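What follows is a set of notes on a single structure, which appears directly below.
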Amino acid sequence: MKATEDQVVQEELGYHDDEVNLQSIQKYNVADIKKLKSVGICTIKGIQMTTRRALCNVKGLSEAKVDKIKEAANKLIEPGFLTAFEYSEKRKMVFHITTGSQEFDKLLGGGIESMAITEAFGVTAQLPGPNGYTGGKIIFIDTENTFRPDRLRDIADRFNLDHDAVLDNVLYARAYTSEHQMELLDYVAAKFHEEAGIFKLLIIDSIMALFRVDFSGRGELAERQQKLAQMLSRLQKISEEYNVAVFVTNQMTADPGATMTFQADPKKPIGGHILAHASTTRISLRKGRGELRIAKIYDSPEMPENEATFAITAGGIGDAKE
């Protein structure tokens with residue numbers, strides 16, 4: 001009976017016989033695992049990425065039980081160091097999602113990168129890409145009521161894809177408050193675990209809109225930034241845990257200090273240093289003539305500062321016509 005229970009727990013965690021130590025896993029029980037899943041913690045790595053204080057806030061988990069869970073998790077996946085070579089091998093899992101424009105993809109080093117947070121707009125994640133990327137499903141969190149399924153039909157026509165199949169591959173949710181936006185991430189993590197390897201992209205449009213509504217004035221700025229930091233940390237962990245690309249749009253605001261430093265563009269992205277440091281790659285977009293747009297690398301750990309011109313067409317993002 002005990003062996004059967006261990007097998008159930010093992011299957012719940014998504015591990016195979018050669019990947020798990022049953023002696024360590026005995027400290028869990030099915031009820032505890034269900035409690036963790038209810039808050040979007042679905043893997044051993046997810047446990048390691050969550051603080052003890054956050055785990056203690058899960059209803060039904062005592063400090064003693066959390067300590068045992070943490071101990072067992074660390075025995076299954078040792079939270080130690082890797083050599084740069086070992087990490088380089090691990091990075092081979094990273095894939096890129098095409099934006100629809102070859103020039104834009106080139107600017108980004110191949111497209112929207114997985115295991116990372118990218119700020120910008122408009123992608124075609126369902127299409128196969130280079131280096132074995134086979135396409136996948138998308139989750140779209142809409143904070144401004146701007147999502148329109150008809151645009152997906154236009155993009156499907158461009159790539160000769162079935163309308164219904166494309167729409168079925170996009171999960172949509174409307175977020176109404178910053179708290180609701182955070183709560184939706186629990187569902188996202190659970191869905192990524194439930195359909196492992198199927199989802200490739202998470203889009204939030206836009207990341208800051210609801211925070212600006214829910215927190216106003218300098219008196220609430222510190223609390224806003226703390227909540228934002230928690231959300232961005234969760235997004236980064238989800239992207240690494242499930243090897244998905246996270247793509248967020250952001251808003252711009254006037255920069256009063258820009259005129260003093262003679263900057264060409266007196267606007268800056270909102271979110272402050274919290275968002276600036278959390279985003280792996282930041283892309284500044286500006287309007288060109290007609291349908292043309294110019295994308296510039298605003299900040300990136302590996303891509304040089306450069307620009308690319310692309311077009312927004314009925315079929316989505318494409319290359320600018322000569």
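The values are calculated or read from the model by the stated rules, or taken from the named source; none is laboratory data. Please read these numbers as outputs of a predicted model, since none were measured by experiment. We place every Cβ from the backbone using ideal geometry, glycine too, and count neighbours over all the protein chains shown. Side chains are part of the model used for accessible areas, which takes the heavy atoms of the whole protein and leaves out ligands, DNA and RNA. Shrake-Rupley method; radii C 1.70, N 1.55, O 1.52, S 1.80 Å.
When ALA190, ALA196 are screened for being part of a loop (DSSP other than H, G, I, E, B), on the phi < 0 side of the Ramachandran plot and more than 13 Å from the chain's Cα centre (by Cα), only ALA196 passes. Within segment 208-223, residues that are open to solvent by 60 Å² or more (accessible area, probe 1.4 Å) sit with their Cβ atoms under 8 Å from residues that are modelled with pLDDT under 90 and not in a helix (DSSP H, G or I), at 6+ positions apart or across chains, in these pairs: ARG212/GLN251; ARG212/ILE270.
Tell me, please, whether a residue that is assigned to a helix (DSSP H, G or I), open to solvent by 50 Å² or more (accessible area, probe 1.4 Å), in contact with a Gly (Cβ under 8 Å, 6 or more places away or on another chain) and not hydroxyl-bearing (Ser, Thr, Tyr) can be found in segment 163-174. Before you say what the answer is, go through the steps one by one.
As a first pass, look at segment 163-174 and keep what is assigned to a helix (DSSP H, G or I): 163-168.
With open to solvent by 50 Å² or more (accessible area, probe 1.4 Å) added as a condition, the list becomes 163-164, 168.
Filter again for in contact with a Gly (Cβ under 8 Å, 6 or more places away or on another chain), leaving none.
The answer is no; no qualifying residue exists.
Among the residues of segment 199-220, those identified as touching a Gly at 6+ places or on another chain (Cβ under 9 Å) and part of a loop (DSSP other than H, G, I, E, B) are ILE207, MET208.
If we scan segment 266-279, do we find a residue that is among the aliphatic types (A, V, I, L, M), in contact with a Ser or Thr (Cβ under 8 Å, 6 or more places away or on another chain) and either at pLDDT 60 or above or open to solvent by less than 40 Å² (accessible area, probe 1.4 Å) (or both)? The answer is yes, given that some residue of segment 266-279 is among the aliphatic types (A, V, I, L, M), in contact with a Ser or Thr (Cβ under 8 Å, 6 or more places away or on another chain) and either at pLDDT 60 or above or open to solvent by less than 40 Å² (accessible area, probe 1.4 Å) (or both). Residues of segment 76-114 that are in contact (Cβ under 8 Å) with a residue 40 or more places away in the chain and either in contact with a helix residue (DSSP H, G or I) (Cβ under 6 Å, 6 or more places away or on another chain) or part of a loop (DSSP other than H, G, I, E, B) (or both): LEU76, VAL94, PHE95, THR99, GLY100, SER101, LEU108, GLY109, SER114.
For segment 293-304, does any single residue satisfy the condition of being surrounded by fewer than 18 Cβ atoms within 10 Å (Cβ to Cβ) and modelled with pLDDT under 85?
Within segment 293-304, the subset surrounded by fewer than 18 Cβ atoms within 10 Å (Cβ to Cβ) is 294, 296, 298-299, 301-304.
Okay, now just the ones that are also modelled with pLDDT under 85, so none.
For segment 293-304, residues surrounded by fewer than 18 Cβ atoms within 10 Å (Cβ to Cβ) and modelled with pLDDT under 85: absent.
So which strands (runs of 3 or more DSSP E) stay within segment 266-317 end to end and still have 1 or more residues that are farther than 21 Å from SER233 by Cα and in contact (Cβ under 8 Å) with a residue 60 or more places away in the chain? I'd like the intermediate steps shown before the answer.
Numbers: elements: 267-269, 281-287, 292-299, 307-313.
In segment 266-317, the matching strands (runs of 3 or more DSSP E) lie at 281-287, 292-299, 307-313.
Residues in segment 53-75 that are part of a helix (DSSP H, G or I), at pLDDT below 90 and touching an Asp or Glu at 6+ places or on another chain (Cβ under 8 Å): 2 in all.
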